[in-house]
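Reviewing the structure listed below.
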Amino acid sequence: MGSQGSKLVPCCLDSTNKTAVIEASDVGDEVNSTLDIPAFHEYTYEQLKNATSGFSVDNIVSENGEKAPNVVYKGKLENQMRIAVKRFNKMAWPYSREFVEEARLVGQLRSSKLANLLGCCCTNDERLLVAEYMPHSTLAKHLFHWDTQPMKWAMRLRVVLHLAEALEYCTSRGRALFHDLNAYRILFDGDSNPRLSCFGLMKNSKDGKSYSTNLAFTPPEYLRTGRITPESVIYSFGSLLLDLISGKHIPPSHALDLIHDRNLQMLTDSCLEGHISNDDVTELIRLASRCLQYEPQERPNARSLVAALALLQKETEVPSHLLLGIPHSNSSLPLSALGEACSRRDLTAIHEILEKIGYKDDEGVTNELSFQLWTDQMQQCLESKKQGDSTFRRKDYKSSIDLYTQFIDGGAMISPTVFVRRSLCHLMNDMPKEALDDAMQAQVVSPVWHIASYLQAAALFALGMENEAQTALKEGTALEAKRNNADG
């Protein structure tokens, strides 16, 4: 990856052949806000702790922000919905009432162009936001740190249009301010469509009223006043346009110098050579330069950006996952023997595989025991587990449930394998809800253990939750493949 200068011939930037910004107030591009998304909800700390497997480091998807420290985790609620949980440092939001009120306002927004805010949690020192989970990473990953192929020009154009539509939608709903608009704030959903993170719509400062910024390239007015305005967001949008043109994070001042000198070759990603026209590059650079005007009032608004970018779109009928080079969610890796057994609901085969695997996957689970536990309670728990394993081998599933329950309730040790075995026993006794609970507990104990996901799939199939079961099956397959690659 790089930008060594393409052979594009610079075009005159003051050409009047095409108007870059249409200053119209009636552009009819309403973003769909009537989506099948649950209403804003206040979650308990325990719900989010369980969803993220105890805020496991294995579930961290990002952590950044020197001025507003926070960590984002992926998680899964009891209803199997995938979520992203942002955990703030308390000092970012010392007053709980302001935090909840602000979250509720952002939670009223619903758009297909946003990674929507589903809820929050405010308990004691905890400040947590819950949003839709976007599985295909960030724009920064696909634009700056790609592995197999650079982002196609048609996809770059789609990204900026979706982003402009998201900003226009938020502005129309009274949320024109977006904090730290950058390539890490743009995410890709299960269909690889770009979405704007809702987290940037939250005020992010100690007093809950003013704004701070972690942007590398701050708007000029922020340097003067310490505050951002709707026009400041447009400035950051212009910086993102430069990112997408160049494939690099270029300082706006340097980019504007290149534009002034008509040196488009140095500004254009060399990976795009032969795949874009001079007109497209010129038009996008014109838009970027308008957005980066020093005086805020000289910058375009979000609605006019939508109108201009809509005219530039390419390959509009091609699905985003093809443009981005990501296998669609309907495609999956081959199923292993356990995955096949769960997909067929073959409980007998699942039993045979679990019996063969034994307890080898419990080795990484830490169990701290006092001397008293070793001498008394520990002995009782181990005896319950031993008898449970014996009845499990004999396929006496009702007895196994009782004995494994004694072991779990004893609290002397934690075993994901026992949870999985009891889950299967519940399935054998036509208790799918209890089976799902146990399989999810196994994942809480061991977040990246593929067998826990497989048993969740089996339980979900039994509950008639076909789509959720298929998702759990794919998750188990992906975790197993990752594990096999690490071992091999």
Every listed condition ((1) under 19 Å from residue 142 (Cβ atoms); (2) out of contact with any His (no Cβ under 7 Å at 6 or more places or on another chain); (3) touching a residue at least 40 places away in the same chain (Cβ under 8 Å)) holds for residue 250 save (3)
If you go through segment 414-431 one residue at a time, how many are within 33 Å of the chain's Cα centre (by Cα) and not in a helix (DSSP H, G or I)? 3
Selection over segment 75-93 where residues are touching a Gly at 6+ places or on another chain (Cβ under 8 Å) and surrounded by fewer than 23 Cβ atoms within 10 Å (Cβ to Cβ) yields a count of 2
Those residues of segment 216-232 that are assigned to a helix (DSSP H, G or I) and within 17 Å of residue 289 (Cβ to Cβ) come to a total of 3
Exactly one of these conditions fails for residue 194: (1) closer than 18 Å to residue 86 by Cβ; (2) in contact with a Phe, Trp or Tyr (Cβ under 8 Å, 6 or more places away or on another chain); (3) modelled with pLDDT of 85 or more. Give me its number. (1)
Exclusive hit being among the aliphatic types (A, V, I, L, M), over 30 Å from residue 173 (Cα atoms) and surrounded by fewer than 17 Cβ atoms within 10 Å (Cβ to Cβ), set 267, 322, 258, 311: 322
Out of segment 464-488, which residues are within 13 Å of residue 342 (Cα to Cα) and not acidic (Asp, Glu)? 469, 470, 471, 472, 473, 474, 476, 477
Please determine, by comparing only the residues of segment 113-147 that are in contact (Cβ under 8 Å) with a residue 24 or more places away in the chain and of a type in the set (Lys, Arg), which one is farthest from residue 160 (Cα to Cα). 127
What residue, of 334, 300, is surrounded by 19 or more Cβ atoms within 10 Å (Cβ to Cβ) and in a loop (DSSP other than H, G, I, E, B)? 300
Options 143, 128, 118; residue that is within 27 Å of residue 51 (Cβ to Cβ), crowded, with 22+ Cβ neighbours inside 10 Å and touching an Asp or Glu at 6+ places or on another chain (Cβ under 7 Å): 118
Look at residue 284 and say whether it is within 30 Å of residue 228 (Cβ to Cβ) and either hydrophobic (A, V, I, L, M, F, W, C) or touching a residue at least 60 places away in the same chain (Cβ under 8 Å) (or both). yes
For segment 266-285, which residues satisfy the criterion of being out of contact with any helix residue (DSSP H, G or I) (no Cβ under 9 Å at 6 or more places or on another chain) and not small (Gly, Ala, Ser)? 271, 273, 279
Modelled with pLDDT under 90 and under 15 Å from residue 45 (Cβ atoms), is that true of residue 90? yes
Whether any residue in segment 32-47 is farther than 17 Å from residue 78 by Cβ and modelled with pLDDT under 50 is what I want to check. yes
With the first residue restricted to segment 84-112 and required to be closer than 23 Å to residue 52 by Cβ and assigned by TED's automatic domain parsing to the domain that holds residue 196, and the second required to be of a type in the set (A, V, I, L, M) and assigned to a helix (DSSP H, G or I), Cβ contacts under 6 Å at 6 or more apart or on different chains are none
Tell me whether segment 279-297 contains one or more residues that are under 27 Å from the mean Cα position of the chain (by Cα), modelled with pLDDT of 90 or more and either in a loop (DSSP other than H, G, I, E, B) or not hydrophobic (A, V, I, L, M, F, W, C) (or both). no
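The values are calculated or read from the model by the stated rules, or taken from the named source; none is laboratory data. Note that the coordinates shown come from a computational prediction; the quantities given were computed from them, not determined experimentally. Neighbour counts are summed over all protein chains in view; Cβ atoms, including those assigned to glycine, are modelled from backbone coordinates with ideal geometry.
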